[in-house]
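The values are calculated or read from the model by the stated rules, or taken from the named source; none is laboratory data. As the structure is a computational prediction, the values presented were derived from the model and not from experiment. Every residue, glycine as well, gets a Cβ built from its backbone with ideal geometry; the counts of neighbours run over all protein chains shown. Ligands, DNA and RNA are excluded from the accessible area calculation, which covers all protein heavy atoms including side chains. Shrake-Rupley method; radii C 1.70, N 1.55, O 1.52, S 1.80 Å.
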Amino acid sequence: MDHQFINSLIARLKENGVTLVAVSKTKPISSIEEIYNLGVRDFGENRVQELVEKYDQMADDIRWHMIGALQRNKVKYIAPFVTLIHSVNTLALLETIQKEALKNDRIIDILLQIKIATEEAKQGFNKEDLSTALENIAVECYPNINIRGFMGMATFTDNMEQVAQEFKALQAIAQNAADNYPKLDLAIRSFGMSGDFDVAIAHGANMVRIGSLIFGARNYN
Ligand SMILES: *Cc1c(COP(=O)(O)O)cnc(C)c1O
């Protein structure tokens, strides 16, 4: 890993008030420690088992982010310690997080994932379910859940014009929700990954999830 490059990335994001979540999925503890030693404390994983294993092995002051598709029956494993769940994409999942947060006597911070990318594989709330979720949250259906904002992904493409349009659309949906629910704290915009975070920041992202640019390409064998 190129420490000089990573340090300048960290500094640049900090200057712009953007929170870096270092996405360590598939990467060993030794690599996470290397980045930890550069001062990074926010790490993201997309699989529950891997997240729990790494949480058990790493320093207590790490803030662990769940960024991937989350099955309801696995919420219980991360509920005791997770800092922020980015990938909340159904009403049923909200119910489960509420239940598990209560069991752990915690208030769990979450983001609602908005679907905008044209790829079928990308998950998230459509507009209608997003409205229902926000309404439920506003009337305090989930006392052990603290909504902090929104997560979104652009289509994986080299067409940066399309990516910019998608981040613009995400930001518009998020801003509209924030305007409609001034009493909720909806400030976080987790938009952008290694290939598109500059575009995301230009369109309102204040949290980025960066993996391969920091840790190098992933090997899924
Ligand atoms: C893997 C992943 C990332 C990071 O991807 P990179 O392109 O390696 O930066 C960001 N967000 C989610 C949801 C991911 O699964």
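With one equal scatterer per alpha carbon and no solvent term, the Debye-computed log10 I(q)/I(0) for the chain at 0.12, 0.14, 0.15 1/Å reads -0.62, -0.86, -0.99. Only protein heavy atoms count here; under a 1.4 Å probe, residue 91 has an accessible surface of about 50 Å². If one puts a single equal scatterer on every Cα of the range 49-163 and applies the Debye formula without solvent, what log₁₀ I(q)/I(0) results at q = 0.18, 0.22 Å⁻¹? Log10 of I(q)/I(0), two decimals: -0.92, -1.22.
Taking the Cα atoms of the range 109-220, the ratio Rg/Rh between the radius of gyration and the Kirkwood radius comes to 0.99.
For residue 59 and residue 185 in the same chain, what is the full-extension length gain: residue separation times 0.36 nm, less their Cα-Cα distance, in nm? Write down the numbers at each step before the final one.
Numbers: separation 126, 0.36 × 126 = 45.36 nm, distance 2.88 nm.
My answer for the length gained is 42.5 nm.
Sites listed here are trypsin sites (Lys or Arg not before Pro) in the range 155-208 whose DSSP assignment is loop and whose Cβ has at most 12 other Cβ atoms within 10 Å: 183.
Which value, in Å², gives the accessible area per residue of the chain when a 1.4 Å probe is used on the protein heavy atoms?
Values: 10830 Å² over 221 residues.
With the other protein chains kept in place, the chain gives 49 Å² per residue.
Summarising the label geometry, the points placed 7 Å from Cα in the beta-carbon direction at residue 126 and residue 41 lie 4.1 nm from one another.
Extending 7 Å from Cα along the Cβ direction at residue 4 and again at residue 106 yields two label points whose distance is 4.0 nm.
Of all accessible surface on the chain at a 1.4 Å probe, what whole percent is carbon and sulfur? Please list the in-between numbers first.
Numbers: 5130 of 10830 Å².
In the chain, the share of accessible area belonging to carbon and sulfur is 47 percent.
The largest accessible area among 60, 2 belongs to the first residue in 60, 2, and the rest follow in falling order (1.4 Å probe, all chains). The distance linking the range 105-158 with the range 11-46 is 23 Å (Cα centroid to Cα centroid, whole angstrom). For the range 150-196, the pair-distance distribution built from all alpha carbon pairs, in bins 5 Å wide starting at 0, is 5, 22, 28, 19, 12, 8, 4, 0 percent.
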